[in-house]
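All remarks here apply to the structure that follows.
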Amino acid sequence: MKRIVVLNPKGGSGKTTIAINLASYFASRQQTPVLMDFDPQGSSLRWVKKRHAVQPAIHAIAAFEKDNRTTRAFQLRPRPSTRTSCRTSPATPTRSSCRCCRPISISTHARAASATCC
């Protein structure tokens, strides 16, 4: 499974917007993405709920919610058909948010934009 984590320590930097667009892209390619929202605002979950039923499915997980009746691993388990996981983080990401992901640094300036694999 591909894992994409969108991180930035600054609030309001577009993390949720990027994650939503990535999930939409993979859904449009029939790759059954899961959108895991670690941000307590839950903006991406509200967006998924507003999608029309005729659009390709995006499975959403409220990763910021904790349920003491089940294990954390079970709560965060994507559907078996999932091929891509897009994760949003709050402005202060945890180290566990980055596990199993290859970092890519994206520099966005008014003059140039580039992506670099780390």
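Of the residues making up segment 16-31, those that are at negative phi and of a type in the set (S, T, N, Q) are Thr16, Thr17, Asn21, Ser24, Ser28, Gln31. Among residues that are among the aliphatic types (A, V, I, L, M), closer than 23 Å to Ser13 by Cβ, assigned to a loop (DSSP other than H, G, I, E, B) and at pLDDT 55 or above, Ala91 is included. Report yes if Ala57 is part of a loop (DSSP other than H, G, I, E, B) and either under 15 Å from Leu76 (Cα atoms) or not basic (Lys, Arg) (or both), otherwise no. Against the criterion (part of a loop (DSSP other than H, G, I, E, B) and either under 15 Å from Leu76 (Cα atoms) or not basic (Lys, Arg) (or both)), Ala57 qualifies.
Within segment 24-54, the set of residues being farther than 19 Å from Gln75 by Cβ, in contact with a strand residue (DSSP E or B) (Cβ under 9 Å, 6 or more places away or on another chain) and in a helix (DSSP H, G or I) comprises Ser24, Tyr25, Phe26, Ala27, Ser43, Trp47.
The number of residues in segment 21-49 that are farther than 13 Å from Ile61 by Cα and within 10 Å of the chain's Cα centre (by Cα) comes to 2. When Pro80 is tested against (1) assigned to a loop (DSSP other than H, G, I, E, B); (2) modelled with pLDDT of 85 or more, just one condition goes unmet, and that condition is (2).
The requirement of being touching a helix residue (DSSP H, G or I) at 6+ places or on another chain (Cβ under 9 Å) and modelled with pLDDT under 85 is fulfilled somewhere in segment 66-74, by at least one residue.
The values are calculated or read from the model by the stated rules, or taken from the named source; none is laboratory data. Only a predicted model underlies this, so the values are computations on that prediction, with no experimental measurement involved. When we count neighbours, we look across all protein chains shown, and the Cβ atoms used for this are built from the backbone with ideal geometry, even at glycine.
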